[in-house]
Amino acid sequence: MTIGSALSFKPAPEWLKTAAFYQIYPQSFKDTDGDGIGDINGIISKLDYLKWLGIDAIWLNPCFESSYQDAGYDVTDFYRVAKRYGTNGDLKRLFKEAHKRKMRVCLDLVAGHTSIDHPWFKASQAATRNELSDRYIWTNDSTVKPVKHVSGKFERNGTYRKNFFDCQPALNYGFGKPEPDQPWQLPVTAEGPQKTRKELIKIMDFWMTMGCDGFRVDMAPSLIKNDPDRVETNKLWAEIRNHFQQRFPEGILIAEWGNPARAIKAGFMMDFIIHLGNDGYSSLFFNKEGTYRHDTCYFNIEGNGTPTTFVNYYLEQLKNVGDSGYVCVPTANHDFQRPNCGTRNTEAQLRTVTTFLMTIPGVPLFYYGDEIGMKFTPGLPNKEGSQLTKGNRAGSRTPMQWDSSPKAGFSTADLDKFYLPIDSSTYRPNVESEMANPSSLLHFNRYLLQLRKQYPALGTHGAIHFLYAEANKYPLVYERSANGQRFVIVINPSGKSVQVYCPLSGTIKEFKPVLVDRASLIQVNNKLQIKADAVSYGIFRVIE
Ligand code: NOJ
C-alpha cells in the first residue's frame with residue numbers, strides 16, 4: 001500500500017452517503033445576546049428549522065478567538081470559542097443538541113496559519129531562540145524577502161512567510177524540497193515542523209473529543225511549501241486521516257482544495273468544486289455582479305453562457321474520485337456570490353439553480369440563506385477583511401432573514417450595530433413567510449432534498465449521463481440512474497424558449513413529471529424531443 005493512495009484509507013463514514021449539508025457563517029446567522037453578531041446559542045435555537053429543511057450536517061465557519069482581520073480565519077486561540085459567539089460550553093451544547101436531532105456539526109480548521117496576534121507568533125518573533133521559534137516560516141535575514149514574505153519590526157532577524165493576508169503568517173510544516181542554499185527552509189522531518197503537525201492533531205482531537213463531527217480544512221493543499229507533486233502534503237494528510245479515523249471512526253475530513261480528486265487522494269473524504277483551480281463553477285454562476293465578475297455565465301437570463309467547462313471538469317472529477325470520496329458543488333459560500341445575484345434574481349431563476357445543484361451527484365450543500373433566496377448585496381463596506389483585491393465578499397455575509405419584522409428576527413440590537421447591513425429591499429425573503437407558504441422557494445428546496453433521499457438515482461451516488469450539454473446552447477439535459485431507476489432532468493436558465501433533440505434508445509412508456517415547470521419530454525422515434533420555456537426546469541421519472 002502506498003501512503004497517499006486513496007485505497008489505503010478506511011472508507012468514509014456511511015452517514016456521508018446520504019447527508020445534506022448547510023453552511024453557517026456564525027456572525028450572521030442568529031444573535032441571541034443582542035450585540036448584533038450571531039452566536040452559538042442562536043444556532044442551537046435554529047436546529048429544529050434546519051432539521052425541518054432536511055439538513056443532516058452543518059459546517060460552521062471559524063468560531064474561535066481571532067483578531068478578525070479575516071473574519072475569524074486569523075485565529076488567536078485554537079482552543080477557545082470567541083467570546084462574541086459564546087463559550088466552549090455553548091459549542092459543546094451545540095454538538096449535543098445537534099446529535100439529539102441526528103445532525104452533525106463540523107468546524108472550520110484553519111490549519112495553515114494564525115493571526116499575527118497569536119501568542120505563538122509573538123514568541124516566534126523573539127530574538128532569543130525558544131520553543132516556538134520554528135512554529136512559523138522565517139528567513140534568517142530581514143533583508144531577504146522571497147515571494148509572499150512579510151517584513152516588519154521584529155526582534156529576530158528575518159521575514160516571515162504569509163499564507164493569505166499579511167496578518168496571516170504561515171505555520172511551519174516544513175518544505176517538501178528545501179533549497180540547499182536556504183537553510184531556513186526546514187524539511188518536514190525537522191523538529192519544528194513536526195511539533196506544528198502534532199499541535200494540529202492535538203487541536204483536532206480536542207474538539208472531536210468534545211463532540212465535534214469533523215472539519216472543513218481551510219486551504220488544505222497549502223501546508224507544506226515547495227512540495228512538487230504534493231508528495232509530502234499527501235503524506236501529512238494521510239497520517240492525519242489514519243490517526244483521525246482510528247480515534248473517531250464517524251468523523252469526517254473535508255478539504256478546501258478545489259480539486260476533489262487530489263484532495264481525496266491526500267486523505268480527505270470530500271472536497272468542493274468551487275471557484276478555485278478551475279473555471280467550471282464560475283462559468284456556471286458568476287455574472288456581472290458579485291464578488292467575482294464575469295461577462296457571462298450559463299445560469300444567466302441572457303442565455304449566452306456555456307455549460308461545457310463545468311461539465312467536463314465535473315465528469316473528470318467524478319471519474320477520478322470514484323467511490324473513494326465525495327465531491328460537493330455548493331450553492332455558494334462566504335467567499336463568493338450567492339445564486340441570487342445581479343440579473344439572476346427571480347424565484348424562477350433560483351429554482352433552476354437549485355434544481356440543478358440538488359439533482360447532480362455529490363453531497364448537496366446549502367449556504368445559509370440560499371434556501372430562501374437571499375441576495376448578494378453589492379456595494380457594502382469592507383468588513384473584517386471581506387474586501388479582496390478582486391472583489392468584496394461582504395455581499396454574501398449579510399444577516400439571515402428569519403421573519404418580516406424590521407430587524408428580520410436576526411437580532412434585537414439597533415440596526416446600525418448589525419454585523420453587516422441587512423438586505424434593505426422591501427420584499428426581502430424570510431424564513432417565516434416562506435415556511436407559511438407551501439409554494440415558496442423554501443418549500444421547493446426542501447422538496448428537492450426530500451427527492452434525493454426518496455430516489456437514490458437522484459442522490460449522491462446515482463450515475464449521471466449528460467444527454468444535451470452543448471457549448472453555448474440551452475437547455476442542459478442529463479439522466480440520473482441507480483438500481484434500474486431512471487430520471488431525466490431539464491434545466492433552462494436562459495430567457496429563451498428552446499426545443500432540442502438528442503438520441504435516446506429503447507422504448508419509454510412515459511416521462512412522468514416529478515417536479516416540472518414548463519418543460520416537456522417526448523420520444524420521437526429514437527430521439528428525445530425536449531421543449532423548455534424561458535427559465536424552466538423539469539425532473540421526469542423514466543417509466544420503461
Ligand atoms: C479560505 C477561506 O474560505 C477564506 O474566507 C479565507 O479568507 C482564506 N481561506 C484565508 O484563510
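The values are calculated or read from the model by the stated rules, or taken from the named source; none is laboratory data. Computed from a predicted model, the values in this text were never measured in an experiment. Cβ atoms come from the backbone with ideal geometry, glycine included; neighbour counts cover every protein chain shown. For accessibility, only protein heavy atoms count, side chains too; no ligands or nucleic acids. Shrake-Rupley method; radii C 1.70, N 1.55, O 1.52, S 1.80 Å.
Before moving on, here are some points about what is shown:
- Among the candidates 226, 259, 234, 242, residue that is assigned by TED's automatic domain parsing to the domain that holds residue 13 and within 16 Å of the ligand (Cβ to nearest atom): 259
- Checked against (1) at positive phi; (2) under 21 Å from the mean Cα position of the chain (by Cα), residue 34 meets all criteria but (2).
- Contact map, the stretch 506-529: first residue buried (at least 17 other Cβ atoms within 10 Å of the Cβ), second residue of a type in the set (Asp, Glu), Cβ cut-off under 8 Å, separation 6 or more or different chains; pairs are 508/544; 519/533.
- Here residue 380 clears all of (1) touching a Phe, Trp or Tyr at 6+ places or on another chain (Cβ under 7 Å); (2) buried (at least 18 other Cβ atoms within 10 Å of the Cβ); (3) assigned to a loop (DSSP other than H, G, I, E, B) except the condition numbered (1).
- Sole residue being open to solvent by less than 30 Å² (accessible area, probe 1.4 Å), assigned to a helix (DSSP H, G or I) and without any contact (Cβ under 8 Å) to a residue 24 or more places away in the chain, chosen from 89, 42: 42
- Residues (in a strand (DSSP E or B) and of a type in the set (Lys, Arg)) located in the stretch 499-536: 512, 518, 527, 531
- Scan of the stretch 43-75 for residues that are away from the ligand (no atom under 16 Å from the Cβ) and at positive phi, ordered by number: 54
- Residue in the stretch 287-295 that is open to solvent by 10 Å² or more (accessible area, probe 1.4 Å) and either modelled with pLDDT under 95 or under 28 Å from residue 161 (Cβ atoms) (or both) present: yes
- Among residues of the stretch 241-270 that are in contact (Cβ under 8 Å) with a residue 24 or more places away in the chain and of a type in the set (D, E, K, R), those with a Cβ under 7 angstrom from a residue that is within 16 Å of the ligand (Cβ to nearest atom) and part of a loop (DSSP other than H, G, I, E, B), sequence gap 6+ or separate chain, pair up as 256/218; 256/219.
- Every test in (1) in a loop (DSSP other than H, G, I, E, B); (2) touching a residue at least 40 places away in the same chain (Cβ under 8 Å) is passed by residue 154 save one, and that test is (2).
- Residues satisfying the stated conditions in the stretch 403-427, i.e. under 17 Å from residue 338 (Cβ atoms) and in contact (Cβ under 8 Å) with a residue 24 or more places away in the chain: 410, 419, 420, 421, 422, 423, 425
- Of all the criteria given as (1) among the acidic types (Asp, Glu); (2) within 16 Å of the ligand (Cβ to nearest atom); (3) under 19 Å from residue 251 (Cα atoms), the one not satisfied by residue 97 is (2).
- Considering the stretch 92-121, and only residues there that are within 15 Å of residue 166 (Cα to Cα) and either out of contact with any Pro (no Cβ under 7 Å at 6 or more places or on another chain) or assigned to a helix (DSSP H, G or I) (or both), the residue that is most open to solvent (accessible area, probe 1.4 Å) turns out to be 117.
- Boolean, residue 338 is touching a strand residue (DSSP E or B) at 6+ places or on another chain (Cβ under 7 Å) and basic (Lys, Arg): yes
- Members of the stretch 435-476 that are open to solvent by 40 Å² or more (accessible area, probe 1.4 Å), in a loop (DSSP other than H, G, I, E, B) and of a type in the set (A, V, I, L, M, F, W, C): 471
- Whichever residue in the stretch 45-84 is part of a helix (DSSP H, G or I) and over 21 Å from the mean Cα position of the chain (by Cα) and, among such residues, is farthest from residue 444 (Cα to Cα): 83
- In the stretch 350-360, residue farthest from residue 456 (Cα to Cα) [restricted to those that are touching a strand residue (DSSP E or B) at 6+ places or on another chain (Cβ under 7 Å) and open to solvent by less than 10 Å² (accessible area, probe 1.4 Å)]: 352
- Subset of the stretch 157-173 that is closer than 21 Å to residue 187 by Cβ and outside any strand (DSSP E or B) - its residue that is nearest to the chain's Cα centre (by Cα): 163
- Candidates 248, 268 - the one that is out of contact with any Ser or Thr (no Cβ under 7 Å at 6 or more places or on another chain) and either away from the ligand (no atom under 16 Å from the Cβ) or open to solvent by 40 Å² or more (accessible area, probe 1.4 Å) (or both): 248
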